[in-house]
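Chemist: Provided herewith is a single structure, encoded as structure tokens, for subsequent inquiry.
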Amino acid sequence: MTLSRSARWRASLAAVRISALQFLADPQWLIPSMIAPVIFGLVAFELFRGLGQYFAIYAILGAGMMSMWGQTLYGSGWATGQDREFGTLEPTLQAPTPYLYVILGRVTWNVLTGLIGGAIVYGVVVLANGSVPALQNPAGFVLLFAFVILSLAAVGIVFAAFYVYTRYAGFIQNIGEFAFYVGTGCMFPVVLLPFWTNPIALAFPPTWALDALRYLAIPGYQGFAWGFWPDLAGAFATTGIYLAIAGTVFRRVERHVLEIGDVQDY
């Protein structure tokens with residue numbers, strides 16, 4: 001049975017709706033998505049205070065990305081974990097709608113809540129700073145920031161795909177959260193880390209996208225030596241690769257469930 005494109009997107013919207021209801025029913029998510037990032041943002045702002053008009057951007061980007069990544073990482077793990085826990089993973093995979101569209105809806109909600117957390121961080125830092133941070137290219141910054149969010153979503157979808165194969169998603173989330181903040185340059189540029197970490201960091205799309213965003217927003221910024229445009233090209237390429245990997249994994253899982261009937265092997 002082949003579903004129309006509109007039917008698939010309706011499934012994604014339904015997943016967004018149920019994710020929103022689950023978020024509102026479990027207020028603990030307010031801590032990692034909206035409270036903790038504000039604390040980190042204020043600490044980062046105090047560290048960068050007095051270093052110039054553009055450096056408040058570091059505090060906003062770092063803490064804002066913390067909010068968005070926290071939601072994407074945990075939401076992605078829970079996206080498949082909740083189906084496994086509730087016993088709905090196999091029926092959902094066997095439904096006519098490809099499972100990828102269900103996960104896409106859940107990750108979309110996680111990104112939206114992360115954006116709200118980022119907006120709260122922005123407002124708090126602006127209040128602490130007493131003025132709106134200077135931006136060299138506001139329109140370009142907004143567009144590129146939206147792409148950074150897409151790169152985060154791509155990582156989240158890949159994690160959700162591979163979490164089907166493990167019962168240790170919670171463990172991976174807990175050890176991966178802060179490693180990701182550091183490894184992708186959320187709080188400070190990756191070039192400040194030991195050189196051997198750079199190839200690992202460049203395997204993640206947000207590393208490229210965040211470096212490009214800083215080149216765009218902060219005059220005189222020194223990140224990766226190749227500069228803004230190669231950063232942007234790398235971000236597009238790695239994001240495309242991640243989305244292709246996620247689609248391939250989900251199709252493989254769906255075929256397995258249709259053939260075997262369950263995912264108890266994983």
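The values are calculated or read from the model by the stated rules, or taken from the named source; none is laboratory data. A quick note: this is a predicted structure, and the numbers were derived from the prediction, not measured. Every residue, glycine as well, gets a Cβ built from its backbone with ideal geometry; the counts of neighbours run over all protein chains shown.
Chemist: If I filter region 17-34 down to residues being surrounded by fewer than 18 Cβ atoms within 10 Å (Cβ to Cβ) and either at pLDDT 75 or above or closer than 19 Å to Leu93 by Cβ (or both), which single residue comes out as farthest from the chain's Cα centre (by Cα)?
Modeler: Out of the qualifying residues, it is Ala25.
Chemist: Another question, then. Just checking, which of Gly234, Gly220, Gly240 is surrounded by fewer than 17 Cβ atoms within 10 Å (Cβ to Cβ), small (Gly, Ala, Ser) and part of a helix (DSSP H, G or I)?
Modeler: Matching residue, one of Gly234, Gly220, Gly240: Gly240.
Chemist: Could you check region 114-157 and list, in sequence order, the residues that are in a loop (DSSP other than H, G, I, E, B) and without any contact (Cβ under 8 Å) to a residue 12 or more places away in the chain? Full working, then the answer.
Modeler: As a first pass, look at region 114-157 and keep what is in a loop (DSSP other than H, G, I, E, B): 130-137.
Those that are in a loop (DSSP other than H, G, I, E, B) and without any contact (Cβ under 8 Å) to a residue 12 or more places away in the chain: Gly130, Ser131, Val132.
Chemist: Let me ask another. Taking the options Gly77, Gly52, name whichever one is part of a helix (DSSP H, G or I) and at pLDDT below 70. Reasoning before the result, please.
Modeler: Values: Gly52 fails: part of a helix (DSSP H, G or I).
Among Gly77, Gly52, only Gly77 is part of a helix (DSSP H, G or I) and at pLDDT below 70.
Chemist: Sort through Leu13, Leu47 and tell me the only one that's closer than 20 Å to Leu150 by Cβ, at pLDDT 70 or above and either of a type outside the set (Gly, Ala, Ser) or not in a helix (DSSP H, G or I) (or both).
Modeler: Leu13
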